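A short write-up of the structure that comes next.
The values are calculated or read from the model by the stated rules, or taken from the named source; none is laboratory data. Keep in mind that what you see is a predicted model, and the values were worked out from it rather than measured. Positions of Cβ are backbone-derived with ideal geometry, glycine not excepted, and every protein chain shown enters the neighbour counts. Ligands, DNA and RNA are excluded from the accessible area calculation, which covers all protein heavy atoms including side chains. Shrake-Rupley method; radii C 1.70, N 1.55, O 1.52, S 1.80 Å.
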Amino acid sequence: GSQSFPYDHLFKLLMIGDAAVGKSSMLIRFTDDAFDEHIQSTIGVDFKVKHLELNNKRIKLTVWDTAGQERFRTLTSSYYRGAQGSSWYHWLKEVKLYSPNNGEGVVKLLVGNKIDLAEDGSGSERQVDQASAKTKTGVQESFMEVVHKILEDPDLLLNT
Ligand code: GDP
């Protein structure tokens with residue numbers, strides 16, 4: 001509804017990554033505990049809000065989704081396309097380009113979603129946090145890891 005809660009901190013999180021990796025799905029799993037196989041990824045969601053209470057602090061969490069804009073990333077990305085699994089580098093570069101202080105003051109978490117599809121067990125060899133918006137694995141944990149990192153950093157907390 002239109003209910004608004006008082007809060008001590010306002011956190012803004014962004015979902016960034018290639019199209020169709022499950023950014024919207026992870027967000028919807030986190031905020032609504034739901035999953036839709038037939039989600040319209042071109043539409044996406046603008047942002048969702050979640051209220052948390054941690055360390056006696058009320059946190060209003062806004063998580064922003066790309067709403068499909070990642071499809072239109074610039075041509076320079078073709079440079080990174082050659083090697084499998086390297087597109088994270090493109091996105092990290094973007095974060096550094098557009099964030100204050102060259103991205104230093106931003107908590108970043110790299111998550112490998114759709115771990116449920118790695119039926120051969122290869123998922124266990126992944127070098128990044130594992131998640132599945134479908135089976136719930138790791139979704140809550142990923143978001144909370146970022147929230148806790150912000151909470152524990154006085155410099156970051158200052159601006160919230
Ligand atoms: P986005 O473009 O990164 O926001 O990706 P979407 O959230 O739109 O997801 C793209 C497609 O992948 C949709 O058909 C989802 O249902 C599916 N999907 C998302 N997360 C998972 C997951 O963890 N496991 C599986 N099997 N499918 C997923």
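Which condition breaks for Val21 when tested against (1) open to solvent by less than 30 Å² (accessible area, probe 1.4 Å); (2) under 13 Å from the mean Cα position of the chain (by Cα)?
Here Val21 meets the rest and fails (1).
Just to verify a result, which residue in the range 127-151, among those that are near the ligand (Cβ under 10 Å from one of its atoms) and basic (Lys, Arg), is nearest to His38 (Cα to Cα)?
Step by step, filter the range 127-151, then rank; the result is Lys134.
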